[in-house]
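First up is the structure itself, then whatever we jot down about it.
Each value in this text was obtained by applying a stated rule to the coordinates, not by laboratory testing. Predicted model, so just to flag it, every value in this text is computed and none were measured. Heads up, the Cβs are rebuilt from the backbone with ideal geometry, glycines too, and the neighbour counts pull from every protein chain shown.
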Amino acid sequence: MPMLRAVRLLQSVEAGITDGTAFEAYLTDAGRLSDFSILLSMREQVRRMANTITTMDAIIASPIATNAVFGAANPDSKVAVQYMVKSPTAVSLVSQSASTLATVLGNATSWAEFNTGDYYENNILSIIHILSGITPGTHATMTALVQNTLGSAALSSYDSAIRAAIESPPTMALITQNANAMEDIISNTSALTIVANSAPSMELIAQSSIALSQLNDSAIALMSTIPTAIKILASYNSAWTGTITVSGQEAPLESNLRNILVNVNNLDITLTTVADIMADATAMAVVVQNLASMQAILAVPSAVTELTNSANVGLAIASSVAMSVLGPNTSAMAGILAKPVAWTSLFASSVAKGFIVSSTTLVDVINGLADLKTILLASATTSTPATLRSATNATDDVFDGIANKVLVLGMRANNIGAIDANYDFDGSPATGTGATATIPLRGSVTISTCLGFTAPTWTVAGIAVTAAVSPEWTWYDMT
């Protein structure tokens with residue numbers, strides 16, 4: 001009997017005998033609502049309703065019916081909404097009703113089914129018009145709406161419209177390529193929060209130079225608190241180095257650095273400061289393997305100081321990822337070289353040694369550290385070139401028989417003479433103050449030096465080709 005009553009009611013609605021107002025009145029009766037709900041659990045009956053304009057008009061005109069179809073859906077009971085969104089007729093009519101869209105948006109199950117349905121994109125312009133409070137038909141296309149300053153301003157003013165937009169990749173693509181539309185969203189904290197929590201939207205922002213150019217300090221601060229957003233930005237190196245860690249961003253970057261490091265690397269949230277992170281070996285072991293994190297650290301002077309003073313700086317030195325950023329930063333490397341606690345790690349790393357031997361500044365730093373030079377001398381080797389000079393002209397000869405990268409800590413001529421001969425050394429590069437200057441050497445005295453050479457060469461012109469003209473170096477292997 002309940003089923004029969006429900007079918008008869010539906011037939012009356014289909015025939016136009018029972019309109020939306022009458023339908024609403026009928027459904028105020030709990031029994032009749034229960035009968036109608038039985039139909040909503042039956043796929044064929046829902047298909048029948050969804051594909052009949054008269055029936056859909058009545059459902060949309062009845063708040064009770066609308067709630068029964070869309071507002072009462074849940075993960076375990078969603079037949080009605082599942083089959084409604086399969087109908088182009090139903091989706092089109094729902095997309096033109098502000099009250100029905102509000103009900104759909106207010107139910108997580110219905111909204112998920114609706115915005116992933118086959119006909120969502122077909123109706124996105126109507127949906128955005130309705131949810132933005134714009135008169136339907138005002139804009140002929142979504143492109144026209146986004147490019148219209150009033151249209152984009154209205155869109156960003158309503159959370160429901162932004163929620164609809166982020167579920168439409170083509171719509172978000174238009175927005176992220178439009179400076180005014182992005183500015184509207186960025187200037188509205190609520191809208192920006194919705195967008196920043198949308199991974200697909202953040203992917204589009206990270207790939208758009210227009211969108212990135214609109215990010216301001218407050219936007220970056222907000223995004224740094226949202227793991228999804230900051231991880232995506234960090235995954236695009238051009239976006240990261242051109243927007244987040246670019247020169248001039250030191251102050252806002254410093255204030256957001258803790259959030260960036262924690263959220264990019266999934267660190268323990270109880271690490272409340274950058275200093276806490278630097279002091280935590282477990283956290284730093286993760287951070288030094290993340291290029292974006294190291295780029296952020298090296299862009300903040302105070303963080304560089306924290307790193308160079310950290311007991312965990314060795315983790316950065318041992319990481320090829322960290323060293324790709326740290327090594328070229330001469331100031332940071334000089335700070336680390338000045339810390340005896342870092343010496344073992346530095347000279348155990350071929351990558352670190354490569355950066356040091358290639359920098360005049362860093363070689364000069366070593367020259368000023370007597371204790372370090374003493375340590376290096378203890379492991380140094382003394383050699384003369386393995387091959388005699390090829391001629392008595394000024395052509396450079398390869399200083400063969402030694403490592404390709406060396407730190408030269410002492411020099412003399414390979415003889416017992418007390419008269420100086422002028423030697424010239426070079427490399428690719430030659431580093432340390434005076435590395436390529438003419439250096440007078442005699443066999444009776446070893447002079448103390450601190451010079452770096454890669455693929456070293458030497459010459460002493462106008463002297464006969466004998467072993468005695470060869471220079472003798474005391475060198476530390478920097479390969």
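Could you check, for the range 172-180, whether at least one of its residues is over 30 Å from Leu145 (Cα atoms) and hydroxyl-bearing (Ser, Thr, Tyr)?
Looking for residues that are over 30 Å from Leu145 (Cα atoms) and hydroxyl-bearing (Ser, Thr, Tyr), one finds none in the range 172-180, hence no.
Within the range 75-118, how many residues turn out to be hydroxyl-bearing (Ser, Thr, Tyr), within 23 Å of Asp159 (Cβ to Cβ) and not in a helix (DSSP H, G or I)?
Of the residues in that region, 3 qualify.
State which residue is farthest from the chain's Cα centre (by Cα) when the search covers only the range 385-426 and only residues that are closer than 29 Å to Ile375 by Cα and of a type in the set (Lys, Arg).
Arg412
Give me the pairs, please: first residue somewhere in the range 405-424 and small (Gly, Ala, Ser), second residue anywhere and in a loop (DSSP other than H, G, I, E, B) and crowded, with 19+ Cβ neighbours inside 10 Å, beta-carbon distance under 7 Å, and either six or more positions apart or on two chains.
Cβ pairs passing all conditions: Ala421/Val460.
What about Leu326, is it of a type in the set (A, V, I, L, M, F, W, C), surrounded by fewer than 15 Cβ atoms within 10 Å (Cβ to Cβ) and in contact with a helix residue (DSSP H, G or I) (Cβ under 7 Å, 6 or more places away or on another chain)?
The answer is no for Leu326.
Please work out which residue is farthest from Thr374 (Cα to Cα), limiting yourself to the range 427-445 and to residues that are in contact with a Ser or Thr (Cβ under 7 Å, 6 or more places away or on another chain) and surrounded by fewer than 17 Cβ atoms within 10 Å (Cβ to Cβ).
Looking at the filtered set, the residue picked out is Ser428.
Just one of Val46, Val7 is assigned to a helix (DSSP H, G or I) and either over 46 Å from the mean Cα position of the chain (by Cα) or not hydrophobic (A, V, I, L, M, F, W, C) (or both); which is it?
Residue meeting the stated conditions: Val7.
Every residue, every condition in (1) surrounded by fewer than 17 Cβ atoms within 10 Å (Cβ to Cβ); (2) of a type outside the set (Phe, Trp, Tyr); (3) touching a residue at least 24 places away in the same chain (Cβ under 8 Å); (4) farther than 25 Å from Phe23 by Cα, yes or no:
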| position | (1), (2), (3), (4) |
| --- | --- |
| Ile59 | no, yes, yes, no |
| Phe70 | no, no, yes, no |
| Ala140 | yes, yes, no, yes |
| Leu150 | yes, yes, no, yes |
| Tyr158 | no, no, yes, yes |
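What do you reckon, is Ser349 buried (at least 18 other Cβ atoms within 10 Å of the Cβ) and either touching a strand residue (DSSP E or B) at 6+ places or on another chain (Cβ under 9 Å) or farther than 21 Å from Asn312 by Cβ (or both)?
no
Count, please, the residues in the range 170-217 that happen to be within 20 Å of the chain's Cα centre (by Cα) and assigned to a helix (DSSP H, G or I).
Counting residues in the range 170-217 that are within 20 Å of the chain's Cα centre (by Cα) and assigned to a helix (DSSP H, G or I) gives 25.
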